[in-house]
Structure formats: C-alpha cells, structure tokens
C-alpha cells in the first residue's frame, strides 16, 4: 500500500513558500507554514489570501475555491508543529548551510515515515539527504516560480530515495494539477539548464528580478563550482547588484527599477 500524503508542512514564508502553500490549500491539503518569526508567518498567510482574492477578481479562481482553501492554511510556530505532517517541504533561501541546518532540525521533529523534501533549484539532493538520517525518505520537489502559475514541477531523486517516496511525491504533484518532470541529481537539475523560448511570460532579466537576484547568484555559483565550467561564472553586474542590495522585485530594484510602478531598466 503506497504512502498517502494528507498534511503538508512548508518551511519558509517567502515567495516560494507562499506559492507552495497556496497550491496545496487549493488542492485540499492541510498546510502549515513555518519561518523565523510568527509575524513573518502571519504576514505570509495574509499575503496568500490577498493573492487568491486578486486571482478571483481576475477570473483565474472561483470565490468558492478560495473560501474552501483558506481554512486549510495554518501557522506553525516551530518545527515541532510538523510532528504529524506527512510531507515537509523546505523552501528556504538557496544557501546550502542554511538548508542543512533546517533539514537536520526538521528530521528530528517529524514522524519516521514522513517525507522530507527540498525545493532547492540547484543543490545536490543526495548531499542534503545525507544529514537527515532518512535519505530514503528524502526527495527534491522543485516548483517553478511563480508557483500558482507555473505548470512544471521537477522531482529529483537522491541516490538513496526509495520508490515509495518517489511515487508518493509524484501522486502529490499530480493532485496539485501540475506536470512532473524527473531530473537527475546533477548541478541545477533540468530547468535551470533549459534554453529560453519556452513560452515564458517575461524576458530572462525580468524573470531573474522576480526570482530574486540573490537566488540567481547562488544558483550560478552552484553551477560554476559543481561543473567547473567558466560559462557558468556569475557575471560581474549580477554580483554587483546583489552586493548593493538590488535583489529584484522584492527590493524594488534589480535589472529593472520597480519604484514607479512601471518596470524600467536600471542600465
């Protein structure tokens, strides 16, 4: 009998975590969000509600679906709140040291049969799995940004990920109404190495701003270090923008300046 996922935990109340929580709640899953402070989590839940109501106004969601989904989203003050979760998805910043600390802690808080997943877009799943003490119950579930609008989800098996974990994750993604692509555990997996022109709704630089230039820089550093190929060396302008705190849409400046309400190139 396959393992059934009913309750979801999301670690990280940023853009990705909020998007993951939203699609889980709309699919009927109970989902709890955790982050460094209760205030940050509360603000994230309010933002998810606001985004869903905007989607209703735009005709993308039914009001009844939003009304049904919102009660499914709750606040998790600590990782201990995930003790009865079937799946916990780490969606913290794209920094391996930060992820390793979170994952080692969450492994101590969840039940033995629970699946732990990382939403990493580039870091080795095998390496992250190794510090959880349950590598067979660990998998990469990489959602695309923005999560509610993007159809594709990458599943990345670590070397020890068992078949039951993979099948449960695949069924979970299917219930979200999204499409699975299976990637090898290789630096940046599939999507970060795909060519442009796949019906993207915005150009690559504006998309980078939307993702966050700090996240893009981290991904490029993983590619550069993991593949030892100079073509993945982060460009100096990207590094300079991150050093300046120009991280894209979330700070109102990146490759584009968003302060006027209309994206304007910064150079």
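Just checking: which of the helices (runs of 4 or more DSSP H) contained wholly in the range 1-84 hold 2 or more residues that are farther than 19 Å from residue 143 by Cβ?
Values: elements: 15-26, 38-57, 63-69.
Qualifying helices (runs of 4 or more DSSP H): 38-57, 63-69.
Any residue in the range 60-77 that is surrounded by fewer than 17 Cβ atoms within 10 Å (Cβ to Cβ) and at pLDDT below 95?
yes
It is to be established whether one or more residues within the range 32-45 are assigned by TED's automatic domain parsing to the domain that holds residue 151, surrounded by fewer than 22 Cβ atoms within 10 Å (Cβ to Cβ), touching a residue at least 60 places away in the same chain (Cβ under 8 Å) and within 18 Å of the chain's Cα centre (by Cα).
No, there is no match, as no residue in the range 32-45 is assigned by TED's automatic domain parsing to the domain that holds residue 151, surrounded by fewer than 22 Cβ atoms within 10 Å (Cβ to Cβ), touching a residue at least 60 places away in the same chain (Cβ under 8 Å) and within 18 Å of the chain's Cα centre (by Cα).
Of the residues that make up the range 100-111, is at least one in the same structural domain as residue 21 (by TED's automatic domain parsing), assigned to a loop (DSSP other than H, G, I, E, B), at pLDDT 95 or above and under 23 Å from residue 146 (Cβ atoms)? Let's see the steps before the verdict.
Just the residues of the range 100-111 that are in the same structural domain as residue 21 (by TED's automatic domain parsing), to begin with: 100-111.
Keeping just the survivors that are assigned to a loop (DSSP other than H, G, I, E, B) gives 108-111.
From the residues that got through so far, the ones that are at pLDDT 95 or above too are 108-111.
After this cut, where a residue has to be under 23 Å from residue 146 (Cβ atoms) as well, the list is none.
No, there is no match, as no residue in the range 100-111 is in the same structural domain as residue 21 (by TED's automatic domain parsing), assigned to a loop (DSSP other than H, G, I, E, B), at pLDDT 95 or above and under 23 Å from residue 146 (Cβ atoms).
For residue 39, all conditions in the list (1) more than 25 Å from residue 207 (Cβ to Cβ); (2) modelled with pLDDT under 95 hold save one; what is the number of the exception?
(2)
Taking the stated definitions as given, is residue 115 surrounded by 22 or more Cβ atoms within 10 Å (Cβ to Cβ), touching a residue at least 40 places away in the same chain (Cβ under 8 Å) and either in contact with a helix residue (DSSP H, G or I) (Cβ under 6 Å, 6 or more places away or on another chain) or more than 21 Å from residue 33 (Cα to Cα) (or both)? Give the derivation first.
Details: surrounded by 22 or more Cβ atoms within 10 Å (Cβ to Cβ): yes; touching a residue at least 40 places away in the same chain (Cβ under 8 Å): yes; either in contact with a helix residue (DSSP H, G or I) (Cβ under 6 Å, 6 or more places away or on another chain) or more than 21 Å from residue 33 (Cα to Cα) (or both): yes.
For residue 115, the condition - surrounded by 22 or more Cβ atoms within 10 Å (Cβ to Cβ), touching a residue at least 40 places away in the same chain (Cβ under 8 Å) and either in contact with a helix residue (DSSP H, G or I) (Cβ under 6 Å, 6 or more places away or on another chain) or more than 21 Å from residue 33 (Cα to Cα) (or both) - is met.
Looking only at the range 130-169, which residues are under 12 Å from residue 90 (Cα atoms) and without any contact (Cβ under 8 Å) to a residue 60 or more places away in the chain? Step through it out loud before you land on a result.
Just the residues of the range 130-169 that are under 12 Å from residue 90 (Cα atoms), to begin with: 138-143.
Those that are under 12 Å from residue 90 (Cα atoms) and without any contact (Cβ under 8 Å) to a residue 60 or more places away in the chain: 138, 139, 140, 141, 142.
Which residue is modelled with the lowest pLDDT, if the candidates are limited to the range 136-153 and must be within 21 Å of residue 10 (Cβ to Cβ) and surrounded by fewer than 21 Cβ atoms within 10 Å (Cβ to Cβ)?
Within the range 136-153, the first condition is being within 21 Å of residue 10 (Cβ to Cβ), and the residues that meet it are 137-153.
If we keep only those that are surrounded by fewer than 21 Cβ atoms within 10 Å (Cβ to Cβ) as well, we get 144-146, 148-152.
Details: 144: 88, 145: 84, 146: 87, 148: 93, 149: 89, 150: 88, 151: 88, 152: 87.
Filtering first and then ranking leaves 145.
Of everything in the range 223-251 that's surrounded by 15 or more Cβ atoms within 10 Å (Cβ to Cβ) and out of contact with any helix residue (DSSP H, G or I) (no Cβ under 8 Å at 6 or more places or on another chain), which residue is nearest to residue 119 (Cα to Cα)?
Among them, the one singled out is 226.
The values are calculated or read from the model by the stated rules, or taken from the named source; none is laboratory data. Since the structure is predicted, the reported quantities are computational estimates derived from the model, not experimental observations. Note: ideal-geometry Cβ built from the backbone for every residue, glycine included; neighbour counts use all protein chains shown.
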